[in-house]
Amino acid sequence: MAQREVARAVADQAVARLGARLLPSAVPADVAEFRNGAGNAVGSLDVHRGSPGSSIDFMLQSSLHCEVPNGAIDITSILIFLNASTDAPHFQLELIQGSSTSIVVILDLLPRKDLAFHPDYLQKYYEENRMDEQRGKIEELPQTHPYRSPSLFVRSACSPTAIMVSIDCGQGGEKALEEIMHGQLATVIQEVLQIWLDNCADSITEMDEVERDCLLKRDQIVRSKSIEVDLTANLPRMFGPDVSSRVITEIRKAFGVQEP
Amino acid sequence: MAQREVARAVADQAIARLGARLLPSAVPADVAEFRNGAGNAVGSLDVHRGSPGSSIDFMLQSSLHCKVPNGAIDITSILIFLNALTDAPHFLLELIQGSSTSIVVILDLLPRKDLAFHPDYLQKYYEETRMDEQRGKIEELPQTRPYRSPSLFVRSACSPTAIMVSIDCGQGGEKALEEIMHGQLATVIQEVLQIWLDNCVDSTTEMDEVERDCLLKRDRIVRSKSIEVDLTANLPRMFGPDVSSRVITEIRKAFGVQEP
């Protein structure tokens, strides 16, 4: 499956480059792979915490596969979140596929500061690294349309160079979509990850106490809402309460967010 | 000219509703109407300050008309900015037209706070007002495409429900564009203005000193950058240094922003 291969390549690239900045995987076996009772939904979750002294908070990979009447839904997420030793953006990739001919792609460097209040931050992480050109390369494909998250919060948390598109190759377009996924999409994802690895993963930021407080508080809100509207929204429906709550507990642990 | 009529109707609606919250127009005659030496560019600027005790800081209307080899460029702006009595969003409308068959529309309630940090603010002014439905009504028109401001700052300052589109009716589409402008576009602009008048104009917000400081500081940055990248970017090219600097001085006065 193209989605699985593209995501695997991204994760491998990240893990290889981050090396000793990541600790080994830390997830219990019954969450690393999980399924529902009926057997028509399976998922996986992998979390690597950052090693002491690194700027990485955690790297999370998850996949969900759920059979539905006309096919299947596949969702893959890769998030690499940084900690308070830096204010650099987090890395986010989500691939949401409801058919073999179309896919929704969310790819972004999530800002940790209010961009309208901090134009210097905007310049440093988004203008100087020419993130908008990457967005352009995807949006110029004729099969793409903007994807508007139904959650205004998700839209607000993203950067102005976020790639949020649906790629729809229409009836009979299975091969076309695969070519795009293995081609232009894989290239852009890899380049965005490279930009992030080069500019964000190793960065350290001097912060006074007020700034650090603000960063942590903002991070906490974004993490809670992200988990709430995004990562966990689908789980109870697909996997039932027991499995979901085990998985959600691990996700909350990774994000450092309390049970609400 | 449809653009002129649509803008006039919006301004009239605002002024009628705001009534005594606005002082009479405050602009010197040689800025109220201005032109360049060659006579191929004319402009107008009108500023009403808010009356004492009202939450209105100012209402600014401007128009620019500049003849170019293949036609003309017409830009109309209506901005209604609130003061520190409230944290409610500002109102922004810009119509940028380079031909008789296409127009760029920017219509938004500009947030005064970091939406990712203040999900309650997001909910109050953007979810509960159902602003996103207005965006949907414009974007469902087949002739619209997203307009991505070349300025990342402008993108960052806008809300997640901002309407930023180009409407292109193609060759021979003059009449079609006029119908859209007098029809669906005028309706949506009027409804967004109404939402703003109902929810933002009369609001007052209790703020402690830290919050007020933060609001004022953020406003200041957004105003300076808006003037810099947006309102004044075109003036020197169209009108020459003398006229431009007179007009820019009045605009800076209205926004309460120092000469840089």
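The values are calculated or read from the model by the stated rules, or taken from the named source; none is laboratory data. Small disclaimer: the values here were computed from a predicted structure and weren't measured. All Cβ positions, glycine included, derive from the backbone under ideal geometry; neighbour counts span all protein chains shown. Heads up: the accessible areas ignore ligands, DNA and RNA and are worked out on the full protein's heavy atoms, side chains in. Shrake-Rupley method; radii C 1.70, N 1.55, O 1.52, S 1.80 Å.
Here is how the numbers come out for the structure above:
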{"read-out": "For region A:121-195 versus region B:228-260, the gap between their alpha-carbon centres in whole angstrom", "value": "36 Å"}
{"read-out": "Gyration tensor verdict on chain B (Cα atoms; rounded if a/c is under 1.5, prolate if a/b is larger than b/c, oblate otherwise)", "value": "oblate"}
{"read-out": "Förster radius 25 Å - calculated FRET efficiency between residue B:15 and residue B:145 (Cβ-Cβ, nearest 0.05)", "value": "0.15"}
{"read-out": "Accessible area buried between chains B and A, both sides summed, probe 1.4 Å, in Å² to nearest 100", "value": "2300 Å²"}
{"read-out": "Cβ-placed point charges (K, R +1; D, E -1), dipole of region A:20-152 about Cα centre in debye, nearest 20", "value": "160 debye"}
{"read-out": "Cβ neighbours within 10 Å from other chains - mean over B:109-120", "value": "6"}
{"read-out": "Spin-label zone in region A:55-93 - amide nitrogen under 19 Å from a point set 7 Å from the Cα of residue A:253 along the C-beta vector", "value": "A:57-63, A:79-81"}
{"read-out": "Shielding score for B:27-38, defined as the mean number of other chain Cβ atoms within 10 Å", "value": "0"}
{"read-out": "Lys/Arg +1, Asp/Glu -1 at C-beta; chain B dipole; positive extreme among B:189, B:52, B:256", "value": "B:256"}
{"read-out": "Positive dipole terminus of chain A, leading residue within A:146, A:72, A:244 (C-beta point charges)", "value": "A:244"}
{"read-out": "Region A:2-255: relative contact order as a whole-number percent, Cα under 8 Å and 6+ apart", "value": "19 percent"}
{"read-out": "Cut-off 15 Å between beta-carbons: net charge of the residues surrounding residue A:29, Lys and Arg +1, Asp and Glu -1", "value": "-2"}
{"read-out": "Unit charges on C-beta of K, R, D, E only; dipole of chain A, Debye", "value": "480 debye"}
{"read-out": "Those lysines that a straight Cα-Cα span of less than 21 Å connects to residue B:225, excepting residues fewer than 8 apart in one chain", "value": "A:113, A:124, B:113, B:217, B:253"}
{"read-out": "Virtual spin-label span in nm between residue A:133 and residue A:208, 7 Å along Cα→Cβ", "value": "3.7 nm"}
{"read-out": "Mean Cα-pair separation over length for region B:60-171, i.e. relative contact order, pairs under 8 Å, 6 or more apart, %", "value": "24 percent"}
